[in-house]
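Here the structure comes first, spelled out in structure tokens, and everything after it is commentary.
The values are calculated or read from the model by the stated rules, or taken from the named source; none is laboratory data. Everything numeric here is computed off the predicted structure, so don't read it as measured data. Here the Cβ positions follow ideal geometry from the backbone for every residue, glycine too, while neighbour counts run over all protein chains shown.
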Amino acid sequence: MLAETKNELDDFHQSSKELEEELERELQRTEKAQQDLKVKVEWAARERDDWKVTCLQLFPVRYPDTPLVQIHVSSDRP
């Protein structure tokens, strides 16, 4: 009985250790994916801002009769 309980405890410890290792690997993958997404979001924000500047520079050339105030009001919307 005591030997059987010890074997069950050893099995439990082993499976717990394996589960912990798997969870650690999953956590590392998730953290890397999160970091990758943060980089992509930052890149997209910079790209958006670059396009906004480009549009604000080109809009008056293309549509000279449109007041600059209207251009800025339109560009403030997300």
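The figures follow:
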read-out: Selection status of Lys52, surrounded by 10 or more Cβ atoms within 10 Å (Cβ to Cβ), modelled with pLDDT under 95 and in a helix (DSSP H, G or I); value: yes
read-out: Residue list for region 1-36, restricted to those being under 16 Å from the mean Cα position of the chain (by Cα) and acidic (Asp, Glu); value: Glu31, Asp36
read-out: Residue within region 62-69 that is surrounded by 10 or more Cβ atoms within 10 Å (Cβ to Cβ), assigned to a helix (DSSP H, G or I) and among the aromatic types (Phe, Trp, Tyr) present; value: no
